[in-house]
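Asker: The structure under discussion is supplied below as structure tokens; questions concerning it will follow.
Quick note: the coordinates plus some simple rules give every number you see, no bench work behind them. Owing to the predicted nature of the structure, the values given are computational and were not obtained by experimental measurement. Reconstructed Cβ throughout: ideal geometry from the backbone, glycine too, with neighbour counts over all protein chains shown.
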Amino acid sequence: MDLARYLPLSQRGRDDESGVTGDRRVELAALVRGAQRLATIADASQRDDLARAFARDAGLLPRESGPVVSATDLDGLAAQIESGPRRKIPDLQRAVRALLQLADAVGGEARVPPLTLGAVALQASITAPFDRRAAISGHTVVAVDADWSIGRGPELRGSAEGIVRFLLGLSDVPPRAPGREEASDTSPRPADDPRDLG
């Protein structure tokens, strides 16, 4: 699925779009509940600190002072998000980044839905630092484990989470051209290999 087809002024067909919304409350609440699940993996002494770090990094708490959040509060926070004001894609992007960081901290799996990762990848492809955007510029970036792609041009492939991690600066492994395996980068090369020049 080419996510660009769902942007305004795209060439998509004219279907009933009455159910289409830019409101990301449901997705954001699901990420907060995912954070609660991950926080429970940690030692009991670390759970509340991890929950607060997630909520702060996700932009769900005021920067100055605010309510103290514990791991058990995250479900209530998710319910508040669902019934609160509209949330947009930048909110989702911050929460996905915070959830991936939490997953790394506890050694768990983030379990972000593929279309949420696709929406974040699309947003990050225009807001990421220049070097990240340059790495994918002029390419179609294809998530091999999800039904989405972004951009136009020769293909670069990666896992949906791997693409998002790269664009959000959580990984230095960019999506790669088809057929180019990780192992090929570390395998012995002839002395005159052009990749060794420059």
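Asker: Around VAL69, under 9 Å between beta carbons, what's the net of Lys plus Arg minus Asp minus Glu among the other residues?
Answerer: 0
Asker: Can you compute the modelled spin-label distance between GLU82 and ASP145, with each label point 7 Å from Cα toward Cβ, in nm?
Answerer: A separation of 2.7 nm, rounded to one decimal place.
Asker: Using the basic label-point model (7 angstrom from Cα toward the beta carbon), what is the SER171 to THR127 distance in nanometres?
Answerer: Placing both labels 7 Å beyond Cα along the Cβ direction yields 2.0 nm.
Asker: For every other residue with a beta carbon closer than 10 angstrom to the beta carbon of ALA42, add +1 if it is Lys or Arg and -1 if Asp or Glu, then tell me the sum.
Answerer: Net charge around ALA42: -2.
Asker: Among rounded, prolate and oblate, which fits the stretch 121-169 when a ≥ b ≥ c are the square roots of the eigenvalues of its C-alpha gyration tensor, a/c under 1.5 means rounded, and a/b larger than b/c means prolate?
Answerer: oblate
Asker: Now, a different point. Which value in nm describes the separation of the simple spin-label points at ASP43 and VAL26, placed 7 Å from the Cα toward the beta carbon?
Answerer: It is 4.0 nm.
Asker: Could the peptides 155-163, 121-129 be put in order, highest first, of the mean number of other beta-carbon atoms found within 10 Å of their residues?
Answerer: Top to bottom by mean Cβ count within 10 Å: 155-163, 121-129.
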